[in-house]
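Some notes on the structure that comes next.
The values are calculated or read from the model by the stated rules, or taken from the named source; none is laboratory data. Since we're looking at a predicted model, the values are computed, not measured. Using ideal geometry, Cβ is built from the backbone for each residue, glycine included, and neighbour counts are taken over all protein chains shown. These accessible areas exclude ligands, DNA and RNA; they are computed on the full protein's heavy atoms, side chains included. Shrake-Rupley method; radii C 1.70, N 1.55, O 1.52, S 1.80 Å.
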Amino acid sequence: MESQFDSADENYWNRSSRAAFSFDDDDDPDDMGKSGTISDQTKPSTKWDNGIFNDDTISEASFDNSAALGTLNPLSIKAILSDEALKLVLQEQTLDDHVLAKGVTPEEELKLLRRQIQSTLYSPNLEATVQKLLHGKLAPLEMFKSLQEKQELLDTLLANGGDAVIGVLLFLKRTLNTAQFNGILEQRPKALEHYLSYLRQSGDVSNYIEMLQRFGRHQEAALRQFQAAMACSELSTRKQQLQRLIDAYASAGVGIIPLYEQIFHAALKLQLLQEKEGLSHRFGEHATPIELLFLCCTQNKNWKDQDMLKLTSPQRFAADQDISPAQYEWTALNERAQAQAYADLECIFERVSTWHPLKARQFHISFDLALAVQRLFELQAPATVLQLFLSKMSNSSEKLALAQRVKCIKAVIDAMVSLKQQQELQQLRDTLPDRSEEQFYCENALKSLQSKRWTTDNIKLKL
Amino acid sequence: MDVTLDKKLQGFQLVAQEKLQAIICSIPGKKELILEPELIKPLEHVCTASWLKLKGIQRIYKHDAKQRLPRAADQVHIYMIRSVLGTFQTLLRQLQPLAVLTPNESPDLALRMFHIICVPSCYAYFHALLEQAGLWGLVQLHHYNWDFIYLDHGVLSLELPNLYECLYLQGNTSALPAVGQSLRLLQMICGQPSMVLTFGGHAAQLLQVMQALGPVPESNNPPDFGAWLIIDRDKDYASSLLTPAIYAGLLLEVFQLRAGEIVIDNANNKIRSQKLQLLQGKLEYTPNVSASNSRPSCIRLNSACDEIYADNRYKHFAQASSFVRGQVKALGLELQKLNDMQLEEMHDYVARKLPKLTELKAKVLRHLNASEVVIQMLGNFRHLQTLEEDILNNVSRKRLLAEIDELLTTDGQRFNTLRLLCLLHLCAGVAPDELQGFARNYCNMFGHRELCVFQQLAQAGLLPALQPERKSSAKLLSNLPLPKFQQTEFQANANRLKLLTSCADAEQSAGADACAHPALKSCPSFVFNGTYIPLAAQLCSILLNANNADQLATKLAMIEGLQVHVGGQSSTAKAYAAQLKTGSTGTETADLFPLRLRNLFVFVVGGANYAEIAACDFVAKLTNSKITVASDALLAGSDLIAAAFNN
């Protein structure tokens, strides 16, 4: 936020066409002395100053209140709002209007006061109070003594909504016992929402959770507990609280949402792992599973046969955290490519087919192959790696387009061969540097294409 | 009618000044103003720093939540904060030492040394908290509502960024009276509309609050608006969730908006900060450090002070960016002329034309820069658009889910990926099981702590609610492969109001592609590349095109939650038309349609977006009318989703 303001541009604050005057007290030495009392580190950020005032160019003499906005608003306020309306607006802005109007006769004043006393001491005036509250004025609530009066007050306010609902609820909480208060909330779901919102915003977590539970919203309560537990700064307390939450959630008998249960368990596992292995230095306290997986990948040495007994070997970690194959592969791909360990990529995308274990390992990828190629290209993987991935693409025309985009010549040639684009191949050969590997490859491809055509034709002839 | 509507709307600033002045001038002493940082930008639309000085504010500080500003004995500190409970409590905690310290300092209670101005309204329970903190009598509280801030031609904002969260996620209506008051002020300035159309619970409640606030003094000017339209955000989530195709909309998708101004900060823009840094390409995440040194430039989204923005704001992005590029070239040529000039010519040129040109050049370059960042950030925009179109028209759900999941894995954006899922739920309904799978992957990606988000979004109706498993029988039933002909509420309403413009049968009727293209140009759905018409725009065009109440009633029939308010009475559109026929109301039975006053005022409760605004602008041009769109804030879709993350 701070930096946002620091960068605020003076150009817009005072457009030079708008009149303003310059302040000389900004560089007043006396002034500096005062602001010097703020400790040094905060001084530059707390003082909201120079930038804005600096470009005020017109002198004080020319300053005139209405001219200050003259260019933007050549009209005066009178043109848009009548005096009466303006007075009303300003009067509504004030917080209390206990001040008696001047110039009333003593009799009238007496009447007024009597009415006021009547309504403050004996019988509360519901409508007047509601009206005042709606306008945001101070209104004493103490004379709403009976339960019925209290309920009426709340119901009238609920119909309109507004901040007064919470105000009155807090008053009710103060003046009613818990059973009564909860009874009122129970009958009025809207009021309950307001009260919960208040508790939540006030940061009173324990009360908030308690209210949620009391009104049967156990799932939300569990969520909040989870959130509170995760917010603990210390690892051991976080772990403890999570454990307690998991036990309570399983045994509460209020039904279980599988997602919540899974995440609770996963979070606990993650804490245990962090405790054991001290994983999360690089990403701070709240590393996400993917970030930790990335870290596991960095630390992993053996990609051929991952040790599934080791908790931090990527596949084991992914299995423990229920990370989807696509996520696992994508993360590992990024990590290995960033580490420039391209040889490991093959291991990541290899699957032993389950139904036929003797068969050779197969290439398998859980997301769009094109995305993998694109990303490898962004990470500046060498052309051979790109070719390897491109070679797995089945649609040749797509492959050609992609290969051209990532500038992998050999894959372009392959694609052209499979599309039988002899002419394009010849053109390509001519653009390639002489005696380069690619040119050689291209020539070979051309030859094979030509010879192949002969054989197919021969077959046709025989038939 | 000597004062134009635009001038009147700009006049909100004068009222806001008048109100602020009333507060500041009621406080005696040497005043220092301490502002919550987020209030500074909107406050700049109300007054200048020099204006504040003139009103007796000696110095202005930024409020630091960690540390209290020390105060000299004779100074009066005026804090200005948003009325957010958390902020208020922090401030009270900061002021807490006063309660013990100062029994002898101010014997005169009227002369309080501390004041807190709450924007937009000082909630009733703040007083109770003040009392509890032992600060009653030492600290004085004030309301301050700056009402509508005129951001651009036809765009007003209350700048209340947390209203969506409070109303739709927490069911807390605390801010409604303040909004009601602002609308009431609009009534005072622009007169009472002959009819108000509300759609949604909050909208109706807002109107009720306005009525409860009491009558408005008669305006001496003739009324400006023929009708008001108040819409709840949740009645048209789609226009927030879809990615807009227009320039202003996309700027907001990528850059942070603060009070009508965007910051072009490539290192830290909205899209980049949503991604997990680790999984971005290597090249992308290194320049962070170097870029942050230079000061990011800003573009003010106001057509009066930026002609390039004025020309392009509601154009299709491709069109706008090529226009900007063309401008850059033209300017380059213009400046080249300088080389071929004689000395005298050059003098003249430098004196007269050059300053203008350089100013224009700076502006153009800023736009060029911005549009280039947008292009870079949006990546495969066409893919996203076809995905969104398929979601809207519910084309093969399974594939859509898989694609969203793949996006999460390979280009995970904290808010935008979730936004697509929400859109899918809106249009096709996401089953709890499907959500579960997605949520699992999402939490893996962004941390387990984000688990609460799903419950929050369910609260807003953007995702299905997860139900605990209880009995196995219920589960069996849902597993039966029964054919489902369910339509979501969104789809039903969208079909009734003909909001979906790209669905299969519509295309067939339009015929060949050649015919479809001009259709795109004469339809407000251009803001979403011809796939969807924002609800607000459609309702506006229905209102403006209705020739009598019957027509309105048939067009709006069957839509629940829509109410017509005429002369203090509210009814459905149908009942209104029927009432007119029987003529039972007595005195004034004249049909309001066709609307004689062609100006409309649209208020969106819970954040408008530029796609809506542009579409309304387009409808206004078609029907030769004026539509002013106002809201509590301008939000891009990702901002809407981000609200669920504030816990």
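Evaluate the relative contact order of region B:300-439 (contact order divided by residue number), counting alpha-carbon pairs under 8 angstrom at least 6 apart; express in whole percent. Write out the running numbers ahead of the final one.
Numbers: 54 pairs, mean separation 25.8, N = 140.
Here the relative contact order equals 18 percent.
Efficiency by 1/(1 + (r/R0)^6): what FRET value for B:ALA65 and A:ASN182, r their Cβ-Cβ distance, R0 = 35 Å, to the nearest 0.05?
Working: r = 34 Å, r/R0 = 0.98.
The calculated FRET efficiency here is 0.55.
Please label the shape of region B:375-461 as rounded, prolate or oblate, based on the square roots a ≥ b ≥ c of the eigenvalues of the alpha-carbon gyration tensor (a/c under 1.5 means rounded; beyond that, a/b larger than b/c means prolate, else oblate).
Values: a/c = 1.75, a/b = 1.19, b/c = 1.47.
Because a/c hits 1.5 or more and a/b fails to exceed b/c, region B:375-461 counts as oblate.
Under 17 Å from a point 7 Å along the Cα-to-Cβ line of A:ARG405: which residues of region B:368-387 have their amide N that close?
Residues B:375-387 qualify, since their backbone N sits under 17 Å from the label point.
For region B:187-195, what does the Karplus curve 6.51 cos²θ - 1.76 cosθ + 1.60, with θ = phi - 60°, yield as ³J(HN,Hα) per residue in whole Hz, taken in order and with x for Gly and Pro?
So the Karplus estimates, Gly and Pro as x, are 4, 5, 7, 10, x, 7, x, 6, 8 Hz.
Could you work out the equivalent-ellipsoid semi-axes for region B:196-257, taking the square root of 5 times each eigenvalue of the Cα gyration tensor, largest first, in whole Å?
Details: eigenvalues 200, 57, 24 Å².
Each semi-axis is the square root of five times an eigenvalue, giving 32, 17, 11 Å.
Protein chains only, probe 1.4 Å: how do B:ARG399, A:ARG351, A:ARG188 rank by accessible area, largest first?
Values: B:ARG399 100, A:ARG351 75, A:ARG188 30 Å².
These residues rank, largest area first, as B:ARG399, A:ARG351, A:ARG188.
Rounded, prolate or oblate, given the Cα gyration tensor of chain B, with a/c below 1.5 counting as rounded? Each step should come with its number before you reach the end.
On the way: a/c = 1.25, a/b = 1.15, b/c = 1.09.
Judged from the Cα gyration tensor, chain B comes out rounded (a/c under 1.5).
Using Cα pairs closer than 8 Å and at least 6 residues apart in sequence, work out the relative contact order for region A:75-208, in percent.
Working: 62 pairs, mean separation 21.5, N = 134.
Worked out over region A:75-208, it gives 16 percent.
Simple spin-label model, 7 Å along Cα-to-Cβ: A:LYS87 to B:GLU307 in nm?
4.7 nm
Short version: ³J(HN,Hα) in whole Hz for each residue of region B:376-390, in order, from phi by Karplus 6.51 cos²θ - 1.76 cosθ + 1.60 (θ = phi - 60°), x for Gly and Pro, what are they?
5, 6, 7, x, 8, 5, 5, 4, 4, 5, 5, 4, 5, 5, 5
Starting from the alpha-carbon convex hull of region A:121-280, give the projected area averaged over all orientations, in nm².
Working: hull surface 47.1 nm².
Mean orientational projected area (region A:121-280, Cα hull): 11.8 nm².
If I model a spin label as a point 7 Å beyond the Cα along the Cα-Cβ vector, how far apart are those points for B:ALA578 and B:GLN211 in nm?
In this crude spin-label approximation the distance works out to 1.9 nm.
Over region A:223-305, consider all pairs of different Cα atoms and compute the Kirkwood hydrodynamic radius from their mean reciprocal separation; express it in Å, one decimal. Each step should come with its number before you reach the end.
Values: mean 1/r = 0.0718 Å⁻¹.
Across region A:223-305, the inverse of the average 1/r is 13.9 Å.
What FRET efficiency comes out for B:ALA431 versus A:ARG115 if R0 is 51 angstrom and r is the Cβ-Cβ distance? Round to the nearest 0.05. Kindly include the intermediate steps, with their values, before the conclusion.
Values: r = 61 Å, r/R0 = 1.21.
After rounding, the FRET efficiency stands at 0.25.
Please tell me which of these pairs span more than 24 angstrom C-alpha to C-alpha: A:LYS410/B:LYS398; B:LYS31/B:LYS66; A:LYS239/A:LYS304; A:LYS304/A:LYS392?
On the way: A:LYS410/B:LYS398 36 Å; B:LYS31/B:LYS66 22 Å; A:LYS239/A:LYS304 34 Å; A:LYS304/A:LYS392 20 Å.
Beyond 24 Å between Cα atoms: A:LYS410/B:LYS398; A:LYS239/A:LYS304.
Collect residues whose amide H, placed 1.01 Å from N in the peptide plane, falls under 5 Å from the amide H of B:LEU158; neighbours closer than 5 in sequence don't count.
Here the answer is B:ILE149, B:SER631, B:ASP632, B:ALA633, since their amide H atoms fall under 5 Å of that of B:LEU158.
Cut-off 17 Å, label point 7 angstrom out along Cα-to-Cβ of A:LYS447: give me the residues of region A:399-440 whose amide nitrogen falls inside.
Answer for region A:399-440: A:414, A:417, A:426, A:429-430, A:435-440.
Calculate, for A:SER397 and B:GLN319, the FRET efficiency according to 1/(1 + (r/R0)^6) with r their C-beta to C-beta distance and R0 25 Å; round to the nearest 0.05. The partial results should precede the final answer.
Working: r = 31 Å, r/R0 = 1.22.
Efficiency at R0 = 25 Å is approximately 0.25.
Based on DSSP H runs of at least 4 residues, each adding -39500 (n - 2.57), what is the mean residue ellipticity at 222 nm of chain B after dividing by all its residues, to the nearest 500 deg cm²/dmol?
Details: 29 runs with 311 residues, N = 647.
Helix-only estimate at 222 nm: -14500 deg cm²/dmol.
Please list, in chain and number order, the residues 5+ apart from B:ASN269 or on another chain whose amide H is under 5 Å from its amide H, with Hs placed from the backbone.
Under 5 Å from the amide H of B:ASN269 lies no amide H from a residue far enough along the sequence or on another chain.
Would you please state the base-10 log of I(q)/I(0) at q = 0.12, 0.14 1/Å for region A:303-443, with intensities from the Debye formula using one equal scatterer on every alpha carbon?
Listed by q, the Debye log ratios stand at -0.57, -0.73.
Show the residues, 5+ positions off or on another chain, whose built amide H is closer than 5 Å to the amide H of B:LYS62.
A:LYS47, A:TRP48, B:LEU35
Remind me, relative contact order of chain B in percent, using alpha carbon pairs under 8 angstrom and six or more residues apart? Numbers along the way, then the final one.
On the way: 917 pairs, mean separation 112.2, N = 647.
Rounded, it is 17 percent for chain B.
Please compute P(r) over all alpha-carbon pairs of region B:528-640, binned at 5 Å starting from zero, and give each bin as a whole-number percent.
So the P(r) values, bin by bin, are 2, 11, 19, 20, 20, 14, 8, 4, 2, 1, 0.
Please work out the Kirkwood hydrodynamic radius for region A:211-251, using every pair of different C-alpha atoms, and report it in angstroms with one decimal place. List each step's numbers first, then the result.
Details: mean 1/r = 0.0958 Å⁻¹.
With all distinct Cα pairs of region A:211-251 included, I get 10.4 Å.
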